[in-house]
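To start, the structure under review is shown below, and the notes come after it.
The values are calculated or read from the model by the stated rules, or taken from the named source; none is laboratory data. All values derive from a computational prediction rather than experimental measurement. In this analysis, Cβ positions are derived from the backbone assuming ideal geometry, glycine residues included, and neighbour counts consider all displayed protein chains.
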């Protein structure tokens, strides 16, 4: 399978997993994906994540999170910047997601962080995805 955009693949797997009410999804591991999973966990969008060694590149097992009545915690995830069309924003122009209810995840010179952290730190970067 040719993977031109592994981040979009990860986002799609999580989105499909949530729609199918799966307890967890596995995505091929990478440093960037691990950082995205960490932010999703810190921001309360997923329950947890764990690295699983499969003898190849490894996998990230992401444990999805639902409300008491199996309500989705993640309404949607959207890939913003794509390999063919990168989307960057300066430190003063980080967009709000869903009126401040959602988060955006940015790849900055100081690592991967939420738009809120980036604004606080005073850095801009590439908008990887929006989550709400």
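In the range 11-27, the residue that is farthest from residue 56 (Cα to Cα) out of those that are assigned to a strand (DSSP E or B) and out of contact with any helix residue (DSSP H, G or I) (no Cβ under 7 Å at 6 or more places or on another chain) is 24. With respect to residue 103, determine if the residue is closer than 20 Å to residue 17 by Cβ, under 12 Å from the mean Cα position of the chain (by Cα) and not assigned by TED's automatic domain parsing to the domain that holds residue 16. Considered against the rule, which asks whether it is closer than 20 Å to residue 17 by Cβ, under 12 Å from the mean Cα position of the chain (by Cα) and not assigned by TED's automatic domain parsing to the domain that holds residue 16, residue 103 comes out as yes. Which one is surrounded by the fewest Cβ atoms within 10 Å (Cβ to Cβ) among residues in the range 53-92 that are over 19 Å from residue 11 (Cβ atoms) and in contact with a helix residue (DSSP H, G or I) (Cβ under 9 Å, 6 or more places away or on another chain)? Per the stated criteria, the residue is 92.
Looking at residue 66, is it over 16 Å from the mean Cα position of the chain (by Cα) and within 20 Å of residue 19 (Cα to Cα)?
yes
Looking across the range 75-90, the residues that are within 13 Å of residue 129 (Cα to Cα) and either assigned to a loop (DSSP other than H, G, I, E, B) or in contact with a strand residue (DSSP E or B) (Cβ under 8 Å, 6 or more places away or on another chain) (or both) come down to 76, 77, 78, 79, 80, 81, 83, 86, 87, 88, 89.
Per-residue answers, yes or no, for (1) outside the structural domain of residue 25 (by TED's automatic domain parsing); (2) more than 16 Å from the chain's Cα centre (by Cα); (3) in a strand (DSSP E or B):
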| site | (1), (2), (3) |
| --- | --- |
| 51 | no, no, yes |
| 55 | no, yes, no |
| 70 | yes, yes, no |
| 92 | yes, yes, no |
| 99 | yes, yes, no |
| 112 | yes, no, yes |
| 120 | yes, yes, no |
| 123 | yes, yes, no |
| 127 | yes, no, yes |
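Does residue 18 count as over 24 Å from residue 83 (Cα atoms), buried (at least 18 other Cβ atoms within 10 Å of the Cβ) and touching a residue at least 40 places away in the same chain (Cβ under 8 Å)? Against the criterion (over 24 Å from residue 83 (Cα atoms), buried (at least 18 other Cβ atoms within 10 Å of the Cβ) and touching a residue at least 40 places away in the same chain (Cβ under 8 Å)), residue 18 qualifies.
A residue that is out of contact with any helix residue (DSSP H, G or I) (no Cβ under 9 Å at 6 or more places or on another chain), under 14 Å from residue 131 (Cβ atoms) and exposed (fewer than 12 other Cβ atoms within 10 Å of the Cβ) can be found somewhere in the range 32-50. Going by what's in this entry, would residue 104 be described as under 22 Å from residue 4 (Cα atoms), assigned to a strand (DSSP E or B) and touching a helix residue (DSSP H, G or I) at 6+ places or on another chain (Cβ under 8 Å)? Against the criterion (under 22 Å from residue 4 (Cα atoms), assigned to a strand (DSSP E or B) and touching a helix residue (DSSP H, G or I) at 6+ places or on another chain (Cβ under 8 Å)), residue 104 qualifies. Return the residue satisfying two criteria in turn: it lies in the range 1-11 and is in contact (Cβ under 8 Å) with a residue 24 or more places away in the chain and within 14 Å of the chain's Cα centre (by Cα), and of such residues it is nearest to residue 100 (Cα to Cα). The selected residue is 11.
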